[in-house]
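Readers should treat all values here as calculations from the given coordinates under stated rules, not as data from a laboratory. Everything numeric here is computed off the predicted structure, so don't read it as measured data. Using ideal geometry, Cβ is built from the backbone for each residue, glycine included, and neighbour counts are taken over all protein chains shown.
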Amino acid sequence: MLQSIREAMPNGGMLTSECNSEPFARWFDGYLTWTWQHDGQVPAYVAVYGGAIQVFGRAYRGGDTKDLALRMKAGQQLVFGEQIGWIDPEIVNEEESAAFLRQVVRLRWRLRRTFYAGEMCRPPRLEGDIPTIRADWQWKDDWWVTTDAVMTGAWRLPTENKLVLMFVNVSDSPVSARFHFDGRRYGIEGDQVRVTIIDQEETLETFAAPNAFHRELELPPRTAYAWEVYSV
C-alpha cells in the first residue's frame, strides 16, 4: 500500500506517520517521535537513519516542573536533530519558556542543512563538574527524567569537510566546563581548523586553532549555541 502511494505521489509530497517504526522507514519521509520520553535515552535511531528520514515532535505536558521539562525536551530535540515542538500554541504567553523555545527553534533553523544533509556523530564530552537536573516529563503518571544540565550534539557534513557541535545549558545556573576537541575523531582532516561560534541570531566569535585543542567553556543558563568547524 505504501509503495503504491509513493509511486502516485506528486513531486514535493511527503509521507509522515506517528512513532518511529523501523521496518517502514523506507516508505516514509518523517516520523513523529513523541514517545521519546525516557530516562537515559540516546539518539540511536537518529544516528542510523538521520538524513534519510526526518524526526519531529515530543509530548510537551504540564505539572509542577513543566518549564524545566520543556527546556530538557527542547534541548534534547535540538542535539538529537529533531524538528522541535508539537506543543500547545499557548506557550507564546509563557514568557520564559517561550523565549527558550524560540532560541532553540531559531538556532535549528540556522543549522537546518546540517540535519537533512549531514550525519550524526558522537556528541562532545565535556570535562568538569557538570550538574544533573531532574523533572517530571508527565508521560504516564509521575515520569521523572534526569539529564545533564548541558546537552551536546555533533553532526558532520562529510562532502563539505564541516562539523557542527551544539551546546545547550537547559538549567537555571551557569556551567563551567573544559572541552578537548580533536577534529580527526570526526573525520575533519588537516592541521588547522576555523571555528565559528553562533547563536540563534548572530556570529559570536571566530577563531583559528590546531586540529586538536583545549578550550574552557562558560555556558550561561538557558542558552544554546553552536560551533561550525571547518578544515583550513
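Taking the fewest neighbouring Cβ atoms within 10 Å as the starting point, the ordered list for 61, 112 is 112, 61.
The relative contact order of the stretch 150-199 comes to 32 percent, based on Cα pairs under 8 Å that sit 6 or more residues apart. The residues 49, 225, 116, when put in order of fewest to most other Cβ atoms within 10 Å, stand as 116, 49, 225. With point charges of +1 on the Cβ of Lys and Arg and -1 on the Cβ of Asp and Glu, referenced to the Cα centre of the chain, which listed residue (175, 5, 62) lies farthest in the positive direction of the dipole? After comparing all options, I get 5. Of 16, 109, 86, which is farthest on the positive side of the dipole of the chain, counting Cα position, with +1 on Lys and Arg Cβ, -1 on Asp and Glu Cβ, and the Cα centre as origin? So the residue we want is 16. Taking only the Cα atoms of the stretch 33-231, the ratio Rg/Rh comes out at 0.96, with Rh defined as the Kirkwood radius.
The modelled label-to-label distance for the pair residue 1/residue 159, using points 7 Å beyond Cα in the direction of Cβ, is 3.5 nm. Could you work out how far the C-alpha centroid of the stretch 190-232 sits from that of the stretch 34-100, in angstrom? Each part's Cα centre sits 24 Å from the other's.
Here the label points at residue 34 and residue 178, each 7 Å from Cα along the C-beta direction, are separated by 4.5 nm in the simple model. A DSSP coil position with no more than 10 other Cβ atoms inside 10 Å describes the following trypsin sites (Lys or Arg not before Pro) in the stretch 117-154: 125, 140.
By the beta-carbon count within 10 Å of each Cβ, the least crowded to most crowded order of 217, 163, 101, fewest first, is 217, 101, 163. Here's the list of aspartates and glutamates a cross-link from residue 66 could span, going by alpha-carbon distance under 13 Å and ignoring same-chain residues fewer than 8 apart: 88, 94, 96, 136, 142. Extension gain for the segment residue 129 to residue 232, taken as residue separation times 0.36 nm less the Cα-Cα distance, is 33.8 nm to one decimal. Model label points for residue 94 and residue 207, set 7 angstrom from Cα along the Cα-to-Cβ axis, are 3.6 nm apart. Treating r as the C-beta distance of residue 8 and residue 44 and R0 as 30 Å, the FRET efficiency rounds to 0.35.
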